[in-house]
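A.B. asks: Below are the structure tokens for one structure; questions will follow.
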Amino acid sequence: MLHLALAQSNRGRRGRKRDFPDAERLVKRLVARELVLSFVPDAEQRLWRTVTRKKYQLRCDRVRLQNQLESLLEEAHIKLSSLVTDLLGVSARRMLKALADGETNPAVLAALADERLRATPEQLCDALGACTELNTVYRRLLKMALKELRLIDEQIDQLDQEMASLLSQHQDAVQRLAEVPGLGVDSAQQIIAEVGPTAATCPGDDESAGVNYSHRSPKGNRHMRRLLNQAANAAARTKGSIFEIVYRRSVPRLGHNQAIGAIAHRQCRLIWLILHQGVRYEERGPAVTKQSQQARTTRMIRQLRRLGYRIETPNPQPSQALAQ
């Protein structure tokens, strides 16, 4: 049987490395249970991690390409990003596609914007005024960027469907995690891929008599650390949630970074309870209404169905609920 141990728990004497004495020392420490063994997921969970991490890389590539596209427009003296919040939204993409296809009239390009766009047609015409004398090289580069973005979006959609198919047996765990403020269906899938559907390892178990004596934040799984930081920032901005109250209460004393770290630690323990004990999260913040809960449930069900999960009715209120 192969065991993977942490290097810090196997500190030998200083000096030259000797293979046979080092092997004997490793065996003795393993028998004496002095080695801290690392968590090695099974083949199925490693496949989940491969898919979710590939999807994260594609999203990073999409952000990088979006920044390059904005830089290209700025170089061409097209100030579209100053008026449109999302440069890859529906309105901006229609205008950029027409611009790449050879359209030179700013008024025609401005008419492609959605009527809900805050920018007026006059402002859009002013921002797109340089397209009348736009070099054909910029148009070709713009067409290449849009084609690459479309390919990345298609690959992300394929990975979404693939991940939903792989986690079809754990649909209830995905749904229970997605109910936590700051998390969603995609975040729930990534967390299950990192820690497993039952979360066998308990976070923050360095305690005695109910008191945690370790205030150190170890490096741990960097992908899980990223997910927790993103979820904590989103939960702190969720109106009426208990995490918003904790953030407002602790940020004057700890500052933003440490307050987010405290919320991330609380969410990490909450995730372990939800996955390990099979309970559900129930929000009991003072400003939470039935209307806001129903709206969030509807959004989550719509996203689950889009990914291929079968959701017939909204979740009833469970008899065993968890409030954090």
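No value in this document is a laboratory result; all are computed from the given coordinates. Nothing here was measured: the structure is a model prediction, and the numbers come from that model. Methodologically, a virtual Cβ is constructed for each residue, glycine included, from the backbone with ideal geometry; neighbour enumeration extends over all protein chains shown.
A.B. asks: How high is the FRET efficiency between CYS60 and SER165 when r is their beta carbon distance and R₀ equals 25 Å, given to the nearest 0.05?
C.D. replies: 0.60
A.B. asks: While we're here: Please report ILE78, ILE191 as a ranked list, fewest other C-beta atoms within 10 angstrom at the top and most at the bottom.
C.D. replies: ILE78, ILE191
A.B. asks: Please list, in chain and number order, the residues 5+ apart from ARG280 or on another chain whose amide H is under 5 Å from its amide H, with Hs placed from the backbone.
C.D. replies: Amide H neighbours of ARG280: LEU322.
A.B. asks: Now for a separate question. What's the ranking of 230-241, 159-170 by average number of surrounding C-beta atoms within 10 Å, highest first?
C.D. replies: Highest-to-lowest ranking by the protection proxy: 230-241, 159-170.
A.B. asks: How far, in nm, would the chain grow between THR298 and ALA130 when pulled straight, counting 0.36 nm per residue and subtracting the alpha carbon separation? The partial results should precede the final answer.
C.D. replies: Details: separation 168, 0.36 × 168 = 60.48 nm, distance 4.37 nm.
The THR298-ALA130 span can extend by a further 56.1 nm.
A.B. asks: Please work out the Cα center distance from region 118-152 to region 171-193, rounded to the nearest Å.
C.D. replies: Centre-to-centre (Cα) distance: 37 Å.
A.B. asks: Quick one: length gained pulling VAL137 to ASN233 fully straight, 0.36 nm per residue minus the C-alpha distance?
C.D. replies: Result for the pair: 30.4 nm of gain on full extension.
A.B. asks: Using a Förster distance of 25 Å, how high is the FRET efficiency between SER82 and ASP157, based on the Cβ-Cβ distance and rounded to 0.05? If you can, show how the numbers build up before the last one.
C.D. replies: On the way: r = 30 Å, r/R0 = 1.19.
Computed FRET efficiency for SER82 and ASP157: 0.25.
A.B. asks: Report Rg (one decimal) and Dmax (nearest whole number) for region 43-164, counting Cα atoms only, units Å.
C.D. replies: Here Rg and the maximum Cα pair distance are 16.9, 58 Å.
A.B. asks: In nanometres, what is the gap between the two model label sites at ASN257 and LYS28, each 7 Å from Cα along Cα-to-Cβ?
C.D. replies: 4.3 nm
A.B. asks: With the crude spin-label approximation of a point 7 Å out along Cα→Cβ, what separation in nm comes out for THR104 versus ASP42?
C.D. replies: My value for the distance between the label points is 6.5 nm.
A.B. asks: Work through the residues other than HIS223 whose Cβ is under 10 Å from its Cβ and net out their charges, Lys, Arg +1 and Asp, Glu -1.
C.D. replies: +4
A.B. asks: Also, quick follow-up: What distance in nm separates the simple spin-label points at ARG18 and LEU4, each placed 7 Å from Cα in the Cβ direction?
C.D. replies: It is 3.0 nm.
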